[in-house]
Amino acid sequence: MTGLIPLKKPGLKVPKFNPGAVPAHVAIVMDGNGRWANARGLTRVEGHKAGEAALLDVVAGAIEAGVKNLTVYAFSTENWKRSPDEIKFLMGFNREVLRNRRDQLHAWGVRVRWAGRKPRLWLSVIDELRAAEKLTSKNKVLTLTMCVNYGSRVEIVDAVNEMAADVTSKKLKPGSITEKTLQKYLNTSYLPDVDLFLRTSGEQRVSNFLLWQSAYAEFVFVDTLWPDFDRTSLWDAISKYQARSRRFGAAVDQPKGKSSK
Ligand code: IPE
Ligand code: IPE
Ligand code: MG
């Protein structure tokens, strides 16, 4: 375990963001742990260990920046393809991080939520996720969603199955289903759409993370490997996000040389 991460770091000042344009929901694919470790002659699990401090630092930085929702990909439904040793390590590690960090997160006013599926996930991990959720349920500063055994397609499929069951029991009228209805059945129904989708390690793909929720997200891909990522890297990404022009399908007519007034 790494030491205590301070909520504010002496000498580090959060940039002056446009307060109206701070992303309400930041989603992060915390990628590159294995490569970080292997590059140092270490085994992959050492990279996962080093990623813990990055996560805590980024949570602190998100709070400082005024981000209300942070969703992080910790273990995907596809990560079961990894070696039994790495899977075993990751399960135990997730459990320990949750147990060791929940008081700190609670003290910061963070509400912890779990998104993901029960099948295959270690019960001891589910227990720790539930314990962290319970302890922090009333917190309002930031919602931290831990995606553990999460896959976006299966999240949608699970929602569709639940809707089908509700149609059978006449709780839901077929033909009346809208985007809002489906949203309500998602595991992550309490979250707003993703504003900023961030991935570390140079990979430029989504890897089955928040497909529905990221329909209009701004994507920022950085080369930094996750253990080297910190709050200042998050702030850089927010600055990039603020420089983007989000149009959501709308358009502004601005012929060159003419004033837009
Ligand atoms: C991300 O780092 C953490 C998890 C997927 C659990 P990786 O383990 O994917 O590291 P790389 O991408 O192989 O370097
Ligand atoms: C995505 O990273 C999952 C997590 C970060 C938990 P992966 O490393 O598993 O994704 P791919 O295999 O490179 O697409
Ligand atoms: Mg990876």
Within straight-line cross-link reach of K170, aspartates and glutamates at Cα separation under 17 Å, skipping those fewer than 8 residues along the same chain: E162
Residue-count net charge about R120 - beta-carbon cut-off 13 Å; Lys, Arg +1, Asp, Glu -1: +4
Residues in region 64-95 that a label on K8 would reach, taking backbone N under 18 Å of a point 7 Å out along Cα→Cβ: 64-67
Within-15-Å neighbourhood charge of T77 [Cβ basis; K, R +1; D, E -1]: +3
Region 1-92: proportion of alpha-carbon pairs further apart than 16 angstrom, %: 64 percent
Within the accessible area of region 64-138 (1.4 Å probe), percent carbon and sulfur: 50 percent
Value of relative contact order over the chain, rounded to a whole percent, pairs C-alpha under 8 Å and six or more apart: 27 percent
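What translational diffusion coefficient, in µm²/s and rounded to a whole number, does the Stokes-Einstein relation yield for region 129-230 at 4 °C and a viscosity of 1.567 mPa s, taking the hydrodynamic radius as the Kirkwood radius over Cα pairs?
After rounding, the answer is 81 µm²/s.
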Per residue value of the accessible surface for the chain (all protein chains in place, 1.4 Å probe), Å²: 53 Å²
3J(HN,Hα) from dihedral phi, region 111-123, Karplus parametrisation 6.51/-1.76/1.60, rounded to Hz, x for glycine, proline: 9, 8, 10, 10, 10, x, 10, 6, x, 6, 5, 4, 4
Under 5 Å, built H, 5+ apart or other chain: amide partners of W122: none
37 °C / 0.692 mPa s Stokes-Einstein diffusion coefficient of region 30-162, Kirkwood radius on C-alpha pairs, µm²/s: 212 µm²/s
Cross-link pairs K8/K134; K180/K256; K49/K81; K9/K240; K13/K184 - those with Cα-Cα distance over 28 Å: K180/K256; K13/K184
Estimated [θ] at 222 nm from DSSP helical runs (n ≥ 4, -39500 (n - 2.57)) normalised by residues in the chain, nearest 500: -13000 deg cm²/dmol
In order through region 98-109: 3J(HN,Hα) via Karplus (6.51 cos²θ - 1.76 cosθ + 1.60), integer Hz, x for Gly, Pro: 4, 5, 6, 9, 5, 5, 5, 5, 4, 4, 7, x
Region 51-68 - phi-based ³J(HN,Hα) in whole Hz, Karplus 6.51/-1.76/1.60, Gly and Pro as x: x, 5, 5, 4, 4, 4, 5, 5, 4, 4, x, 5, 4, 4, 7, x, 6, 9
Charge-dipole axis of the chain as Lys and Arg at +1 and Asp and Glu at -1 on Cβ define it, positive-most pick from S207, G47, L135: L135
Fluctuation leader among A243, A27, A37 - the chain, Gaussian network, Cα springs under 10 angstrom: A243
Listed residues L191, L172, L129, most fluctuating in the chain (Gaussian network, C-alpha, under 10 Å): L172
For R111, residues with placed amide H under 5 Å, excluding near neighbours: V141, L142, T143, L144
A251 paired with A24, simple spin-label distance in nm, labels 7 Å along Cα-to-beta-carbon: 2.7 nm
Given 14 as the ceiling on other Cβ atoms within 10 Å, longest exposed-site-free region of the chain for GluC sites (Glu not before Pro) in DSSP loops: 79-202
Carbon + sulfur, % of accessible area of region 140-261 - ligands and nucleic acids excluded, 1.4 Å: 51 percent
Cα-Cα P(r), the chain, percent of pairs per 5 Å interval: 1, 5, 12, 16, 18, 17, 12, 8, 5, 3, 2, 1, 0
Most mobile of A131, A39, A60 in a GNM of the chain (Cα contacts under 10 Å): A39
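The values are calculated or read from the model by the stated rules, or taken from the named source; none is laboratory data. Keep in mind the model is a prediction, meaning the values are calculated, not measured. Neighbour counts run over all protein chains shown; Cβ positions are idealised from the backbone, glycine included. Heads up: the accessible areas ignore ligands, DNA and RNA and are worked out on the full protein's heavy atoms, side chains in. Shrake-Rupley method; radii C 1.70, N 1.55, O 1.52, S 1.80 Å.
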